[in-house]
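The values are calculated or read from the model by the stated rules, or taken from the named source; none is laboratory data. If you're wondering where the values come from, they're calculated on a predicted model, not measured in any experiment. All Cβ positions, glycine included, derive from the backbone under ideal geometry; neighbour counts span all protein chains shown. Ligands, DNA and RNA are stripped out before the accessible areas are found, and what is left, the full protein with its side chains, is counted by its heavy atoms. Shrake-Rupley method; radii C 1.70, N 1.55, O 1.52, S 1.80 Å.
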Amino acid sequence: MADVNILAAFYAFSGGASWLLGSLSFLGVNRVNGRADQWLGAFYCLLACTFTRIFFEEFSIGGGFLLHLLELPTWAMLPCLYLAITHFVTPSTADKHWHLHFVPFLLFLLFSLVYLMPNLFNGQNHLPVLPPWMRFIVQYFFFGQMVYYWIVCFWLLRRHQKNLKMVASFTEKIDLEWLKYLLISVLLFILIRILGISSVHVTYISPILYFLGIILLAYSTLTQKSIYAVEIDPSAKKEGVSPKKALNERLTAEQVEELKSIVTRKTVDEKLYLDPSLTLSGLSGKIGISTHELSYVLNNGLGKNFYQFINELRTEEAKSLLLSKDTKHLDMLGVAIRAGFNSKTTFYTTFKKATNLTPKEYIKVNSVAG
């Protein structure tokens, strides 16, 4: 029993770390996205309530009422995470229907006030026996809620990262990659919770596993970078039609071909792709067409998204630079920057994908050929 208590002490560490993360998020320590940080802070504080309750149960601290109070916010925890990620990927999202996500929590709170709390104060209180289906919902709803919200949060993040390549030629600092580690941590919590039901061994070591998950949460949260929003065109949203559908009605095949020629020629001749911060809106402004027209021409005329179009041109520029005598003094980072890439990682990844060779291998192969 002593061994179990020693391991259970890790619940206190997890709870304390969660309270600290929640406080830092509420204070806006990253100063990136206020609303998103507040929802994330709420998630951490509710998670801290859970770990605190488990710790109290393990060491028989506090009465039933205190433990129940700490359990009450459980059903509000995952909606807070969902709203945090929603605001991270789309900072301008309106909060019109946010309260709907807390309906299950409010129902559970009402159920608790009417059915559970009276028993905590009056053991002789004779309330009707719950039907089996209601007991099942109360017991297992949280598991279903965890899985559902995790899947939705993961989908939001993947959609954000996919949309980035439609509007930006760089993604490392704006892809919210840190959120992936946060979701991995939450997935770890879910798996521990589910496996702990059927495995005594998992239950025994779960305090340590939870604590490791909290460390990953802390790392991902405290190292988050700037937030980038992929916004929907306001006019298209207002009209209730998709940009692609509207453009399909406006642009003929001949117009697409003409615009494709203009876009390609102007981007290449003026070497607009050398701007490392180039975005879809920036390029559309320099060419003189709307962002949706440019996106449509790239997708349907060239069969590429913006990220592919720009970085393929940068790769061609890099090929010339790598074989030029005038740039022999440059290292690989220098070549990458000169070619328009804003990071060595994007340069290597894009170059290898386009040529099946690393930049150094490309130089070696072409040197031998020459």
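Restricting to region 318-331, and then to whatever is open to solvent by less than 30 Å² (accessible area, probe 1.4 Å) and at pLDDT 85 or above, can you tell me which residue is nearest to the chain's Cα centre (by Cα)? So the residue we want is Ala318. Under 23 Å from Ile174 (Cβ atoms), in a helix (DSSP H, G or I) and open to solvent by 40 Å² or more (accessible area, probe 1.4 Å): does that describe Ile310? For Ile310, the condition - under 23 Å from Ile174 (Cβ atoms), in a helix (DSSP H, G or I) and open to solvent by 40 Å² or more (accessible area, probe 1.4 Å) - is not met.
Yes/no per residue for (1) in contact (Cβ under 8 Å) with a residue 12 or more places away in the chain; (2) within 16 Å of the chain's Cα centre (by Cα); (3) under 21 Å from Phe189 (Cα atoms):
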| site | (1), (2), (3) |
| --- | --- |
| Leu21 | yes, no, yes |
| Asn33 | yes, yes, no |
| Trp39 | yes, yes, yes |
| Cys45 | yes, no, yes |
| Ala48 | yes, no, yes |
| Phe51 | yes, no, yes |
| Phe55 | yes, no, yes |
| Ser60 | no, no, no |
| Leu66 | no, no, no |
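For region 71-96, the set of residues classified as modelled with pLDDT of 85 or more and open to solvent by 30 Å² or more (accessible area, probe 1.4 Å) consists of Glu71, Tyr82, listed by residue number.
In region 193-218, which residue that is open to solvent by less than 70 Å² (accessible area, probe 1.4 Å) and among the small types (Gly, Ala, Ser) is farthest from Gly22 (Cα to Cα)? Here the residue is Ser199. Taken together, Phe143, Phe154, Phe211 contain a single residue that is in contact with a helix residue (DSSP H, G or I) (Cβ under 9 Å, 6 or more places away or on another chain) and touching a residue at least 60 places away in the same chain (Cβ under 8 Å), which is Phe211. Helices (runs of 4 or more DSSP H) fully within region 98-170 that include at least 1 residues being open to solvent by 50 Å² or more (accessible area, probe 1.4 Å) and at pLDDT 75 or above: 103-111, 132-167. Restricting Ser343, Ser277, Ser295, Ser281 to residues that are within 21 Å of Gln161 (Cα to Cα), small (Gly, Ala, Ser) and surrounded by 19 or more Cβ atoms within 10 Å (Cβ to Cβ) narrows the list to Ser295.
Of everything in region 248-274 that is assigned to a loop (DSSP other than H, G, I, E, B) and open to solvent by 50 Å² or more (accessible area, probe 1.4 Å), the residue that is farthest from Ser343 (Cα to Cα) is Thr252.
Among the residues of region 330-370, those that are polar (S, T, N, Q) and within 21 Å of Leu274 (Cβ to Cβ) comprise Asn342, Ser343, Thr345, Thr346, Thr349, Thr350, Thr355.
Checking every residue in region 352-364 against the condition of being under 18 Å from Leu164 (Cα atoms), at pLDDT below 90 and of a type in the set (A, V, I, L, M, F, W, C) gives zero matches.
Check whether at least one residue in region 233-240 is at pLDDT below 90, surrounded by 14 or more Cβ atoms within 10 Å (Cβ to Cβ) and under 30 Å from Lys360 (Cβ atoms), and report yes or no. No, the conditions are met nowhere in region 233-240. The residue list Ala36, Ala42 contains one member that is buried (at least 22 other Cβ atoms within 10 Å of the Cβ) and either in a loop (DSSP other than H, G, I, E, B) or of a type in the set (Gly, Ala, Ser) (or both), which is Ala36.
Residues in region 171-192 that are open to solvent by 30 Å² or more (accessible area, probe 1.4 Å), within 27 Å of Phe102 (Cα to Cα) and of a type outside the set (A, V, I, L, M): Lys180, Tyr181.
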